[in-house]
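Please read the structure below before turning to the comments.
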Amino acid sequence: MEKAQINWVDDYFNNYEVHKLAIKNVVCEVQSEIQKIIIADTYNYGRCLILDNEFQSAEMDEFIYHEALVHPSLVLHPGAESVLILGGGEGATLREVLRHTMVKKTVMVDIDKEMIACSKKFLPSFHDGAFDDSRVELAFEDGRRYVERTQDRFDVVVIDVNDPLEGGPSYLLFTMEFYQIIAEKLKANGILIVQSGAASIFENDALTSIYNTLSKVFSHVFPYVAYIPSYALPWGFSLATHNPSNLDISGDEIDARIHSGITGQLRFYDSITHHTLFNLPKYLRADIQKQQRIIRDKDPLKEHYPGISTESTSS
């Protein structure tokens, strides 16, 4: 009896560690002007997005990443009506922002128009129709260029771009100079959220460097971490603000704001999860305190990933 062939995606964390995912089929493969876009169906995690050989998100657990990214800032802010999203091509970050009934306007800026087209066609569960919401303004350009030229100010800015890879399009969105520009575009109670990379015991240079850099621009920076199963490691985020007084609210108030201000049912985030996110393990707190690097335009953070490879085996 002939054995079935299984195709594997090898997601390399570094040269000595790999996470393997079995895929059913590739549903979309496009080389845009910006990046290589692959959307594939996997056995364990459903439909997945891969950009430039870097695993991005999976249908089965993307809600963990996107709820952790979006809701702490929008729940803690006393009245977020205007939101800027940089990146977030799947549309899931936009989806979660729009669940907040107080939000009146969301500007989403993505450098890759082809990515949005692929998302609309092949990732319907990720965006859930968010691109068609009347509160949304889409802009296709470099996120830094948009922020430099816009005269608008925002209650919340969410930076959900690819990791700062060597040769990639996003590494200048992680520098002190860019965070200074962002700070000027925030309103008085404004909050900045940055997806900040891996937070494992071996891989946390991005998170700790981003935290240290943000702390040179913002008076209050709060790193937090969520475990993402499809990433097979904990993932870091950073919340930065000049006005922390609105962040000191009780768990009961967090749940009350979720109940009154968010449409639909959250699957990950509530008051208990909120406090878990911000209670970091001791090793990570120590690494954050030790980190001295400040990411600058002239010395940007550029990570080198072995990337993703594919192979076939018989089963």
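Taking label points 7 Å from Cα along the Cα-to-Cβ direction, D41 and K216 give a separation of 4.9 nm. Straight-distance candidates among the lysines for linking to K113, with alpha-carbon spacing under 16 Å and chain neighbours fewer than 8 residues away dropped: K36, K121.
Shown here: region 84-230, whose C-alpha atoms stretch 38, 37, 30 Å along the first, second and third principal axes, sorted largest to smallest. Dipole orientation for the chain: of the candidates Y12, P72, S134, P72 has the Cα lying most toward the positive pole (charges on Cβ; Lys, Arg +1; Asp, Glu -1).
Here the gap between H242 and A22, fully extended at 0.36 nm per residue and compared with their Cα-Cα distance, gives a gain of 74.7 nm.
Using a Förster distance of 22 Å, how high is the FRET efficiency between E29 and S125, based on the Cβ-Cβ distance and rounded to 0.05?
0.65
Rolling a 1.4 Å probe over the protein heavy atoms gives the chain an accessible area of 45 Å² per residue. Across region 127-136, rounded Karplus estimates of 3J(HN,Hα) from the backbone phi angles (6.51 cos²θ - 1.76 cosθ + 1.60, θ = phi - 60°) give 8, 6, x, 4, 4, 8, 5, 5, 7, 9 Hz, Gly and Pro being marked x. In angstrom, the C-alpha Rg and Dmax of region 86-147 are 11.0, 30. For region 183-315, treating each Cα as an identical point scatterer without solvent, what Debye log10 I(q)/I(0) comes out at q = 0.14 1/Å? The computed values of log10 I(q)/I(0) come out as -0.77.
For the residue pairs K20/K216; K185/K298; K20/K302, the C-alpha atoms sit more than 31 angstrom apart in K20/K216. Spin-label pair I6-S250: with each label point 7 Å from Cα along the Cα-Cβ axis, the two points sit 5.1 nm from one another. For region 50-86, the residues whose backbone nitrogen is under 16 Å from a point 7 Å from the Cα of R153, taken along Cα to Cβ, are 78-84. Roughly how many Å is it from the Cα centre of region 275-305 to that of region 183-205, as a whole number? Each part reduced to its Cα centre gives a spacing of 10 Å.
For region 45-179, the relative contact order is 25 percent, taking Cα pairs closer than 8 Å that sit 6 or more residues apart in sequence and dividing their mean separation by the residue count. Take every pair of alpha-carbon atoms less than 8 Å apart whose residues are at least six positions apart; their mean separation over the length of the chain yields a relative contact order of 22 percent. Comparing mean-square fluctuations of V26, V136, V103 from a GNM of the chain with C-alpha springs under 10 Å, the top value falls on V26. For K187, the lysines whose Cα comes closer than 17 Å to its Cα, not counting residues fewer than 8 places off in the same chain, are K104, K105.
In the chain, the calculated helix contribution to ellipticity at 222 nm averages -8000 deg cm²/dmol per residue, counting -39,500 (n - 2.57) for every DSSP H run with n ≥ 4. Antiparallel DSSP bridges in region 34-172: what percent, to the nearest 5? Given both bridge residues lie in region 34-172, the antiparallel proportion sits at roughly 40 percent.
For region 107-141 versus region 13-27, the spacing of their alpha-carbon centroids is 26 Å. Summarising the amide proton neighbourhood of F218: residues at separation of 5 or more, or on other chains, whose placed amide H is nearer than 5 Å comprise an empty set. Based on Cα contacts under 8 Å between residues 6+ apart, region 106-155 shows a relative contact order of 57 percent.
Dipole magnitude for region 32-158: computed about the Cα centre from +1 point charges on Lys and Arg Cβ and -1 point charges on Asp and Glu Cβ, it is near 320 debye. Treating each Cα of the chain as one equal point scatterer and applying the Debye formula with no solvent, the log10 of I(q)/I(0) at q = 0.09, 0.11, 0.13 Å⁻¹ comes out as -0.43, -0.65, -0.93. Distances over 18 Å make up what percent of all Cα-Cα pairs in region 185-249? Beyond 18 Å sits 39 percent of the P(r) for region 185-249. Near K24, which aspartates and glutamates are there with a Cα under 17 Å away, not counting those fewer than 8 places off in the same chain? Of all the aspartates and glutamates, those that pass the test against K24 - Cα under 17 Å, at least 8 places apart if same chain - are D10, D11, D41, E59, E311.
If R0 is 25 Å, what FRET efficiency do you get for T276 and K105 from their C-beta distance, rounded to 0.05? Don't jump to the answer; show the numbers that get you there.
Numbers: r = 31 Å, r/R0 = 1.25.
Plugging the Cβ-Cβ distance into 1/(1 + (r/R0)^6) gives 0.20.
The values are calculated or read from the model by the stated rules, or taken from the named source; none is laboratory data. If you're wondering where the values come from, they're calculated on a predicted model, not measured in any experiment. For neighbour counting, all protein chains shown are included, and Cβ atoms are generated from backbone atoms with ideal geometry for every residue, glycine included. Just the protein is used for accessible areas: all its heavy atoms, side chains included, with ligands, DNA and RNA removed. Shrake-Rupley method; radii C 1.70, N 1.55, O 1.52, S 1.80 Å.
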